[in-house]
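Asker: What follows is a single structure, and I will ask about it in a moment.
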Amino acid sequence: MHKQNLLYFFILLFAARMFIGQTGYLTGYLQNDMADLLFDAVFALILIFMYFRVSKKHKQNSAFLEKEIEEHKSTMDELRKSRERLQDIFDTIDVAIWSHNLKQNKLMITQGIEKLYGYSLDTFIQDVELWKKVIHPEDYPIIEKRAKKIARGETVTSEYRITRPNGEIRWIQDRGIPILDESGELVDFSSILYDITNRKQAESTIDHMAYHDDLTGLPNRHRFQEVLEQKMFEADISKSRIAVMFVDLDRFKIINDTLGHRFGDLLLQQVSFQLKNLVRPTDHVFRRGGDEFILLIENTDEAEVKQLSLRILNQFKKPILIRGHEIFSTLSLGISFYPGHGLDVDELIKNADTAMYDAKEKGRDNYQFFNAALNESMRVKMHLENGLRKAVHRQEFTLCYQPLIYLPTGRIIGTEALIRWEHPEFGNIPPSDFIPVAEDTGLIIPIGDWVIEEACRQNKVWQNEGHEKLGIAVNISVKQLEDPGFPDRIKKILASFDMEPSFLELEITEGMMQDFDSSIPNIKRLKDLGLKISIDDFGTGYSSLSYLKVLPIDTLKIDKSFLDDSLESFRGQALVKTIIDMGINLQFNVIAEGIEDRMQVEFLLSQGCLIGQGYFFSEPLSPTECEEFFQKHLLPR
């Protein structure tokens, strides 16, 4: 107990005692000193008890109050720290808060505005319209739309560009929060401002990757579809025409495989560069993929597109110089128009693509406009493709055999297997119609395997019947020749019939030899198996004669077109004689195709050609018809 408190206690005790003694309130009961002393003691105990109780209550209240004060101080300290942390966050990120009380004309702006805009805080306070003055002029329409929504009390988020004092362009995301009074008047407005430049740059990069070609930098086919849809809409309004031109490089695969893919990439870059320079600034160039490009020509007509097509074709007749190599790469162009050749994007693309394939079929290095007849042609091709997929299983293919004749005696020494297709809807379809479709679709692989297997089976039948010296020739496709598994399948077929490989001769069309570098490994593997290799239609291809010295060739077959001219012109005769002499000097067998009369036989014999085939001797025959032919013309064993 504190001294001050004790003093108060004794004063109180004395006052109480004097009060009782003076009043004689207990006089009748307390008449002696002992009684007084007892009273004073009891009274003092009561007062002490009351004092301690009051004192304890006071201490409890004091402790509670001190605890409340400490907790309040802790809360205030946490609030201060939170405020500091929040300020640190605002200072770190590109965020600013703008709050304007329009009634009281009070403006509050956070310090972050300086980092976003590059102007000082005081500058914004002095000029409350500064935020609007620095907006990029092209984005004014965004601000106008934003103002209308804010006037209606709508919270609106806008994205626009600003120009900083140093000329730098930055993107701002502005979330505006308006407050209207009961009459609908704007009384308070707040904005939360973010710098989203990095996000916009990332979006731009992603957009470029999604809609542009990495190799050439041109817009890709996805962008083409979007642009074409927009241009079709504009053409409807302006009543103008749009041309869609498909551009495809001729024989790009040969260049790519011969010189390498990196070289092919450089060529595609050069092609894209030249195409952009050949069109008008208002036109568009896209890369569809691979070696295909698309040109979109606005507000044009057929005469203008024809001139552009000729300009493009003439430009690509000139060599393109890449790493010291002069490359000649012609183009095939297909064109469709809107309106007229399609009502939607897919139809226009399909029809331009159809016209481009028509240009390729007509010899490449030309342009073709789409027409309705092409659709019918494509319909037939589609039916052919569907039919080809089922023809093998339905046993719709058959083989006929044209005899090979030893010209000095007129005896048969072998046959050439020729495929025929009896289509259930279109009837007899010539190989010249369905073989290109089979090659384009890859169906030539299973069809070609069937032809070889059936030819070997039939040849083995004839050999077992006593015609042991008969060989058989089969035409093969470049697709088969490039297939790594082709030699192994040939080996398996020969083994299944126990057939000597030397009786099988594979005929390779000379046109295939333009890509002979990629074919050499398989040709050598086939030769190692013991097969014979011949070059069919010799003299009509595009490749160099250099392959004759590197490929293991056994036979040259002179194309029918040379033989047709041999009796009509000196030049034709000279060509046939040159081919025969070259073949003999290189120790090749030489076979003449398409012999139609005795005079051609005599001419060939006079030049040293000993083997031939053609309708003069026999048309292609069925296996049964061949049996009858063998009895009359078989070379003696």
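The values are calculated or read from the model by the stated rules, or taken from the named source; none is laboratory data. Note that the structure is predicted; figures quoted are calculated from it, not measured. Ideal geometry is used to build each Cβ from the backbone, glycine not excepted, and the neighbour counts take in all protein chains shown. For accessibility, only protein heavy atoms count, side chains too; no ligands or nucleic acids. Shrake-Rupley method; radii C 1.70, N 1.55, O 1.52, S 1.80 Å.
Asker: With every protein chain kept in place and ligands, DNA and RNA left out, what is the accessible area per residue of the stretch 265-333? Probe 1.4 Å, answer in Å².
Answerer: Spelled out: the 1.4 Å probe surface of the stretch 265-333, per residue, equals 48 Å².
Asker: On full extension of the chain, what length is gained from Asp344 through Val380, given 0.36 nm per residue of separation minus the C-alpha to C-alpha distance?
Answerer: Net length gain for the segment: 10.6 nm.
Asker: In percent, what relative contact order does the stretch 258-302 have, based on Cα pairs under 8 Å that are 6 or more apart in sequence?
Answerer: Over the stretch 258-302, the number comes to 25 percent.
Asker: Using 0.36 nm per residue, how much length does the chain from Gln269 to Ser183 gain when fully extended, once their Cα-Cα distance is taken away?
Answerer: Stretched out fully, the Gln269 to Ser183 stretch lengthens by 24.5 nm.
Asker: Using the crude model of +1 on Lys and Arg Cβ and -1 on Asp and Glu Cβ, and no other charge, please compute the dipole size for the stretch 284-391 relative to its Cα centre, in debye to 20.
Answerer: The calculated dipole for the stretch 284-391 is roughly 520 debye.
Asker: Pulled fully out, how much extra length does the chain show between Leu102 and Ser569, if you take 0.36 nm times their separation in residues and subtract their Cα-Cα distance?
Answerer: Net length gain for the segment: 157.9 nm.
Asker: Also, quick follow-up: Towards the positive end of the charge dipole of the stretch 562-637, with charges on Cβ (+1 Lys, Arg; -1 Asp, Glu), say which of Leu567, Met582, Ile611 has the farthest Cα.
Answerer: Met582
Asker: Still on this structure: Need one word for the stretch 324-421: rounded, prolate or oblate. Basis is the Cα gyration tensor (sqrt eigenvalues a ≥ b ≥ c); a/c below 1.5 gives rounded, then a/b vs b/c decides.
Answerer: oblate
Asker: Sticking with this structure for a sec: Put a dot 7 Å past each Cα toward the Cβ at Ile237 and Lys318; how far apart are the dots in nm?
Answerer: Calculated label separation equals 3.9 nm.
Asker: Of all accessible surface on the stretch 126-185 at a 1.4 Å probe, what whole percent is carbon and sulfur?
Answerer: With neighbouring chains kept in place, the figure for the stretch 126-185 is 49 percent.
Asker: Also, quick follow-up: Kindly state, to the nearest 0.05, the FRET efficiency for Asp581 paired with Glu422, given R0 = 51 Å and r defined as their beta-carbon distance.
Answerer: 0.75
Asker: Arg152 versus Glu203, label points 7 Å from Cα toward the beta carbon: distance in nm?
Answerer: 2.3
Asker: Oh, and also: Around His212, which amide H atoms from residues at least 5 apart in sequence, or from another chain, sit under 5 Å from its own amide H, with H modelled in the peptide plane?
Answerer: Asn220
Asker: Skipping prolines and chain starts, which residues have an amide H placed within reach, meaning under 5 Å, of the one on Thr330, given they are 5 or more residues away or on another chain?
Answerer: Long-range HN contacts for Thr330: Asp250.
Asker: What trypsin sites (Lys or Arg not before Pro) in the stretch 280-344 are in a loop by DSSP, with at most 14 other Cβ atoms within 10 Å of the Cβ?
Answerer: Lys317, Arg323
Asker: Further, regarding this structure: Would you please give the FRET efficiency between Lys491 and Leu278, computed as 1/(1 + (r/R0)^6) with r the Cβ-Cβ distance and R0 = 51 Å, to the nearest 0.05?
Answerer: Computed FRET efficiency for Lys491 and Leu278: 0.50.
Asker: Then there's this: Before I look further, what does the stretch 112-195 give for accessible area per residue, probe 1.4 Å, in whole square angstrom?
Answerer: Roughly 55 Å² per residue, with all protein chains present.
Asker: Oh, and also: Can you give the local net charge around Ser566? Use residues other than it whose beta-carbon is closer than 12 angstrom to its beta-carbon, Lys and Arg +1, Asp and Glu -1.
Answerer: -4
Asker: Going through the stretch 384-492, which trypsin sites (Lys or Arg not before Pro) have at most 15 other Cβ atoms within 10 Å and a DSSP loop state?
Answerer: Here the sparse-neighbourhood loop sites are Arg394, Lys469.
Asker: Assign unit charges at the C-beta atoms only (+1 for Lys and Arg, -1 for Asp and Glu), then state the dipole size of the stretch 108-201 relative to its Cα centre in Debye, rounded to the nearest 20.
Answerer: 460
Asker: Rounded to the nearest 0.05, what FRET efficiency do Tyr615 and Ile327 give with R0 = 51 Å and r taken as the Cβ-Cβ distance? Could you check?
Answerer: 0.75
Asker: How many Å² of accessible area per residue for the stretch 383-523, probe 1.4 Å?
Answerer: Counting only protein heavy atoms, the per-residue value for the stretch 383-523 is 42 Å².
Asker: Moving on. Might you report the magnitude of the Cβ-based charge dipole of the stretch 175-254 about its Cα centre, with Lys and Arg at +1 and Asp and Glu at -1, to the nearest 20 debye?
Answerer: 700
Asker: Skipping prolines and chain starts, which residues have an amide H placed within reach, meaning under 5 Å, of the one on Ile322, given they are 5 or more residues away or on another chain?
Answerer: Amide H neighbours of Ile322: Ile327.
Asker: Taking the Cα centre of each part, how many Å lie between the stretch 269-319 and the stretch 440-481?
Answerer: 45
Asker: List the GluC sites (Glu not before Pro) within the stretch 571-626 that DSSP assigns to loop and that have no more than 13 neighbouring Cβ atoms inside 10 Å.
Answerer: Passing sites in the stretch 571-626 do not exist.
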